[in-house]
Amino acid sequence: VRDFWRGEPATLGEFASRITGSSDLYKDDGRRPYASINFVTAHDGYTLNDLVSYNDKHNDANGEDGRDGDNDNRSWNCGVEGPTDDEEILALRARQRRNLLATTLLSQGVPMLLHGDEFGRTQQGNNNAYCQDNEISWVDWTLAEENADLIAFTGALTAFRKQHPVLRRRRFFAGKPIRSGDDLRDIAWFTPSGEEMTEQDWDSGFGRCVIAFLNGEGIPDLDQRGMRVVDDSFLLAFNAHHEDIAVTLPDESYGPQWTVVVDTATGAVQIPELGEPIDAGGELTLVARSLVVLQRTGGE
């Protein structure tokens, strides 16, 4: 996930596996998607803020001459190492934070967030702050005021996840219709041109944009009353490219219209009634390095 969002090549296939619950790791021995504990940052290593602000660890204060802490952080500072007042870089870092948080909260499995990531906690580039009982490792609560928008985004997206069982499936995707008579598979993948992904598309080392269709009527779970679980259907559109990309939505067999409900470029999480619907086969511009969620609207 870190590599995908920093634009590394040949990451598309593994990215898709991770956000769908890592069936390649858990399915063979009978485990379910909730066996996957999904996190981008943890107590060891960079905070989320530092992950998008530093290319290299800054552990000099640990007194080990930089020998401690991992050197393979898969981070990207967005153009400047550490603090900056460059507005474009700050905006890109904010968007990357939202991308990584959204990816975690929209993935199948159990999301795990590092404390303080929801408001930009920093360890000043130290990725091994075990010995720092001081400002390096302490929580600066004033950041919660400075980054209130990130807290609101994280909270709204957490509520969105809780509202939609298609984001919290108890069984792995099968890639086929779940019940007899169903026309659509439980999941489908599309290129930016709106065509279904082929093996060649997956194997391309240059792919940095993909759209996933999550079928809310293709959930093989029952609720506590033994009733079929049915949810809304969604498109998750990911663009890790450094440029905007115009994508074409799937044809009307997947839904007549789609409305943006999550956009990491703006930080918006909204109900579909507030958005402008896009017809099936219509075009949507994905801002460079952003993620958009669209909800199926306009009837069945």
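The values are calculated or read from the model by the stated rules, or taken from the named source; none is laboratory data. Being a predicted model, the structure only gives us computed values, none of them experimental. Using ideal geometry, Cβ is built from the backbone for each residue, glycine included, and neighbour counts are taken over all protein chains shown.
List of remarks:
- Meets criteria (free of Cβ contacts under 8 Å to residues at least 12 places away in the same chain and either among the small types (Gly, Ala, Ser) or in contact with a strand residue (DSSP E or B) (Cβ under 8 Å, 6 or more places away or on another chain) (or both)) for Ala268: yes
- Out of Phe213, Phe119, one residue alone is within 28 Å of Pro9 (Cβ to Cβ) and crowded, with 16+ Cβ neighbours inside 10 Å. It is Phe213.
- Lone qualifier among Ala246, Ala288 - being modelled with pLDDT of 95 or more, touching an Asp or Glu at 6+ places or on another chain (Cβ under 6 Å) and surrounded by fewer than 13 Cβ atoms within 10 Å (Cβ to Cβ): Ala246
- Of the helices (runs of 4 or more DSSP H) lying entirely inside the stretch 10-65, the ones with 1 or more residues being more than 15 Å from Gly125 (Cβ to Cβ) and among the aliphatic types (A, V, I, L, M) are found at 12-19, 23-26.
- Flag for Ala61 being without any contact (Cβ under 8 Å) to a residue 40 or more places away in the chain, under 30 Å from Ala144 (Cβ atoms) and out of contact with any helix residue (DSSP H, G or I) (no Cβ under 7 Å at 6 or more places or on another chain): no
- Test set (1) at positive phi; (2) in contact with a Ser or Thr (Cβ under 9 Å, 6 or more places away or on another chain); (3) among the acidic types (Asp, Glu) - Asp56 fails condition number: (1)
- Conditions (1) surrounded by fewer than 16 Cβ atoms within 10 Å (Cβ to Cβ); (2) more than 23 Å from Leu286 (Cβ to Cβ); (3) free of Cβ contacts under 8 Å to residues at least 60 places away in the same chain: number failed by Asp186: (1)
- The stretch 251-272: number of residues that are hydroxyl-bearing (Ser, Thr, Tyr) and not in a helix (DSSP H, G or I): 3
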